[in-house]
Structures are given as structure tokens and as C-alpha cells.
Amino acid sequence: MLDASTFPPARRVRHRFLRPVVVGLVIGLVALTGTDADDEMVVVRSGDLPKVDNVSAGALAQRAVLRAFLEQHPNYSIQPFAMPKIEGHAMDTGPLMGIASGNPPHAIYVN
């Protein structure tokens, strides 16, 4: 008979794994929403793109996925969005400041 002691305790998913998945899903959803004009330029701004100097396995994989996507969809432009930072405040102040300024990202991480 199975009981709770036979299963290991649930662990929280790390942000390093979750962010590339979220960005990939957003890009995939954008790709699925087709338009009548395939040559129309589509700009997607995201605050979760890996930095150029980040050489971790997750960042390299995320850049490879973005490169493959952009090769298949040359009419898309993926741009980084630098969230404004305020020292000592909650993590949501950056996206809220971007939204308030009228220049929000198209994709943000929500905890």
C-alpha cells in the first residue's frame, strides 16, 4: 500500500530552470498566433533574456533556442528589456515602473 512516506518530499522548482521555460513558452505562443501578413515585423521585449557574458548551461541553451527560433522566423525581433531597479524594495517594482512609464516588457517573470 502506498502512503506519503514512500514518496520523497516535494522540492521547489529552481528559477534557473523555470525562466528559460517561461520565455520559450511565450515565444512559442507568439509564434502560434499567426497573422495574415507573414512579412510583418514582430518585436518581443523580455526581461528574462540571458546576458551576453553569462556562459552557464541554461543561458547557452536559451540562446540556442532563440537562435533557432529566429532562423525559422526572420520577421521576429527579440529585444532585451532592462528592468529599473530600486534598492531595498520588492522584486515587482521594476516591471511596475516599466508599465507606468509606458514602456512595459512583453514578457515578465511572475512568481
Among the residues of segment 92-105, is there at least one that is in contact with a Ser or Thr (Cβ under 7 Å, 6 or more places away or on another chain), modelled with pLDDT of 70 or more and within 21 Å of residue 27 (Cβ to Cβ)?
yes
From the set of residues in segment 40-53 that are surrounded by fewer than 12 Cβ atoms within 10 Å (Cβ to Cβ) and part of a loop (DSSP other than H, G, I, E, B), which is farthest from the chain's Cα centre (by Cα)?
40
Exactly one condition in (1) modelled with pLDDT of 75 or more; (2) in a helix (DSSP H, G or I); (3) among the small types (Gly, Ala, Ser) is false for residue 77; which is it?
(2)
Just name the residue that is nearest to residue 20 (Cα to Cα) out of those in segment 54-72 that are surrounded by 14 or more Cβ atoms within 10 Å (Cβ to Cβ), out of contact with any helix residue (DSSP H, G or I) (no Cβ under 7 Å at 6 or more places or on another chain) and among the hydrophobic types (A, V, I, L, M, F, W, C).
59
Of the residues 65, 26, 22, which single one is at pLDDT 85 or above, within 14 Å of the chain's Cα centre (by Cα) and not in a strand (DSSP E or B)?
65
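The values are calculated or read from the model by the stated rules, or taken from the named source; none is laboratory data. This one's a predicted model, so the numbers in the text were calculated from it and none came from an experiment. A quick note on method: Cβ atoms are made from the backbone with ideal geometry, for glycine too, and the neighbour counts reach across all protein chains shown.
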